[in-house]
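Q: Below is one structure. I have some questions about it.
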């Protein structure tokens with residue numbers, strides 16, 4: 001049993017995000033700082049994989065000041081000391097949303113962290129959600145302290161917080177996406193870079209940062225940070241402009257605006273606009289005569 005493998009990074013699909021803080025900017029637009037957690041299902045699957053389903057167990061008891069304590073035990077085979085169960089405890093408060101169930105789930109996550117499971121997530125920098133329109137694919141809902149509802153998508157995990165791609169199919173897809181990243185960096189194309197970052201497979205983003213030649217890593221990462229910041233601002237302005245054009249039914253303007261969009265930019269735009277607006281945009285563009293669309 002290799003217990004150090006418990007601490008391996010999880011795939012993005014095994015990570016859940018929750019809003020830690022949220023508020024309104026001076027312009028009235030919402031913002032949200034989000035936190036990453038490993039799902040309980042992923043923790044159990046990791047324990048089954050590394051320890052064996054018969055070699056781990058958990059137990060719960062009430063915490064001294066309320067909430068729940070979880071004891072996560074693993075059966076250790078040690079010829080020098082003798083085979084034994086080793087238990088590590090941690091706890092969590094009951095949550096406002098799911099009550100005791102939330103407390104059980106939270107304490108299991110924290111007990112898992114005592115064994116190294118998901119502990120690497122504590123090393124993430126502050127993550128801010130991408131605010132999107134209602135109906136955007138994969139969007140979650142939340143509200144500010146002022147009770148204003150908003151919809152958001154989680155940020156991308158950095159390369160070091162993801163497992164390595166290990167199949168030919170993944171690598172082939174990564175190379176194709178990385179080529180677009182490289183082109184966006186070379187041309188300082190912030191719109192393209194940001195859109196690809198938001199819609200690309202996690203392996204593609206990993207490949208980007210793993211491909212920099214010695215001596216260029218720092219410079220290229222600085223360029224990427226600039227492109228991320230500029231891209232986010234440019235997309236916010238662009239989406240607002242397109243929303244106004246949809247409301248005004250400016251079919252000709254919309255057709256010209258999206259004519260030069262790359263495929264990944266169209267995908268990201270669809271996520272930002274939501275189903276209803278994308279449907280309206282499509283109908284407006286289709287209403288134009290063929291010659292005018294060209």
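The values are calculated or read from the model by the stated rules, or taken from the named source; none is laboratory data. A quick note: this is a predicted structure, and the numbers were derived from the prediction, not measured. FYI the Cβ positions are ideal-geometry reconstructions off the backbone, even for glycines, and counts take in every protein chain you see.
Q: In the range 107-116, is there at least one residue being in contact with a helix residue (DSSP H, G or I) (Cβ under 8 Å, 6 or more places away or on another chain), closer than 24 Å to residue 160 by Cα and surrounded by fewer than 12 Cβ atoms within 10 Å (Cβ to Cβ)?
A: no
Q: Can you report the number of residues in the range 10-24 which are surrounded by fewer than 19 Cβ atoms within 10 Å (Cβ to Cβ) and either free of Cβ contacts under 8 Å to residues at least 12 places away in the same chain or touching a helix residue (DSSP H, G or I) at 6+ places or on another chain (Cβ under 8 Å) (or both)?
A: 4
Q: Considering only the range 123-157, how many residues are farther than 15 Å from residue 269 by Cα and touching a helix residue (DSSP H, G or I) at 6+ places or on another chain (Cβ under 8 Å)?
A: Residues flagged as farther than 15 Å from residue 269 by Cα and touching a helix residue (DSSP H, G or I) at 6+ places or on another chain (Cβ under 8 Å) within the range 123-157 amount to 4.
Q: I need the strands (runs of 3 or more DSSP E) fully contained in the range 3-95, keeping only those with at least 2 residues that are under 30 Å from residue 155 (Cβ atoms).
A: Once the strands (runs of 3 or more DSSP E) in the range 3-95 are filtered for at least 2 residues that are under 30 Å from residue 155 (Cβ atoms), what remains is 15-24, 30-38, 68-76, 84-92.
Q: Residue 288 is checked against (1) part of a helix (DSSP H, G or I); (2) surrounded by 13 or more Cβ atoms within 10 Å (Cβ to Cβ); (3) at pLDDT below 85 and fails just one. What number does that condition carry?
A: Among (1) part of a helix (DSSP H, G or I); (2) surrounded by 13 or more Cβ atoms within 10 Å (Cβ to Cβ); (3) at pLDDT below 85, residue 288 violates only (1).
Q: Let me confirm something: among 27, 94, 55, which residue is surrounded by fewer than 12 Cβ atoms within 10 Å (Cβ to Cβ), free of Cβ contacts under 8 Å to residues at least 60 places away in the same chain and in the same structural domain as residue 133 (by TED's automatic domain parsing)? Give the steps one after another, and end with the answer.
A: On the way: 94 fails: surrounded by fewer than 12 Cβ atoms within 10 Å (Cβ to Cβ); 55 fails: surrounded by fewer than 12 Cβ atoms within 10 Å (Cβ to Cβ).
Going through 27, 94, 55 in turn, the sole match is 27.
Q: Filter the range 265-275 for residues that are at pLDDT below 85 and surrounded by fewer than 20 Cβ atoms within 10 Å (Cβ to Cβ); which is nearest to the chain's Cα centre (by Cα)?
A: Looking at the filtered set, the residue picked out is 267.
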